[in-house]
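This report refers to the structure that appears directly beneath it.
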Amino acid sequence: MTLRPVALGPVRSPFTAAPPASQPAAPVSPKVAGAKQTAEKFEAVFLGQMTQLMMESVDVGDQFSGGHGEDMFRGVLAEKLGTAMAAKGGIGLAPTVMAQIIKMQGTDNGQ
């Protein structure tokens with residue numbers, strides 16, 4: 001049995017992927033655009049909270065501790081890390097959240 005390599009294309013986030021050149025972009029309703037923005041913000045907050053919990057679980061010790069200043073700004077750092085991760089595509093949570101928001105609003109892709 002021989003294994004053959006498989007060529008995979010680039011991985012793209014559904015929020016950052018451009019539509020194919022042969023197809024024009026479909027118009028997006030304000031409700032869908034709002035749902036997308038809300039879902040992206042939700043993912044950023046979720047990732048920030050996860051990051052903060054991970055940072056709190058690490059014992060930095062006395063040599064690498066930033067003291068009270070680090071304690072004060074650790075939450076801000078976690079928030080910014082979550083926002084940066086979500087801006088780069090996140091963990092794929094935003095599309096699922098967006099689909100549920102649209103479903104709850106009773107709209108189907110703006111129609």
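The values are calculated or read from the model by the stated rules, or taken from the named source; none is laboratory data. This is a predicted model, so every value here is computed, not measured. Heads up, the Cβs are rebuilt from the backbone with ideal geometry, glycines too, and the neighbour counts pull from every protein chain shown. Note: areas computed on protein heavy atoms with side chains; ligands, DNA, RNA excluded. Shrake-Rupley method; radii C 1.70, N 1.55, O 1.52, S 1.80 Å.
Projecting label points 7 angstrom from Cα along Cα→Cβ for Phe64 and Met104 puts them 3.9 nm apart.
In plain terms, the chain from Leu77 to Ser29 could stretch by 13.9 nm, reckoned as 0.36 nm per residue minus the Cα-Cα distance. Counting only protein chain heavy atoms and rolling a 1.4 Å probe, the accessible areas of Ser65, Ser29, Ser57 rank, largest first, as Ser57, Ser65, Ser29. Report note on the peptides 33-46, 91-104: ranked by the mean count of other C-beta atoms within 10 Å, highest first, their order is 33-46, 91-104.
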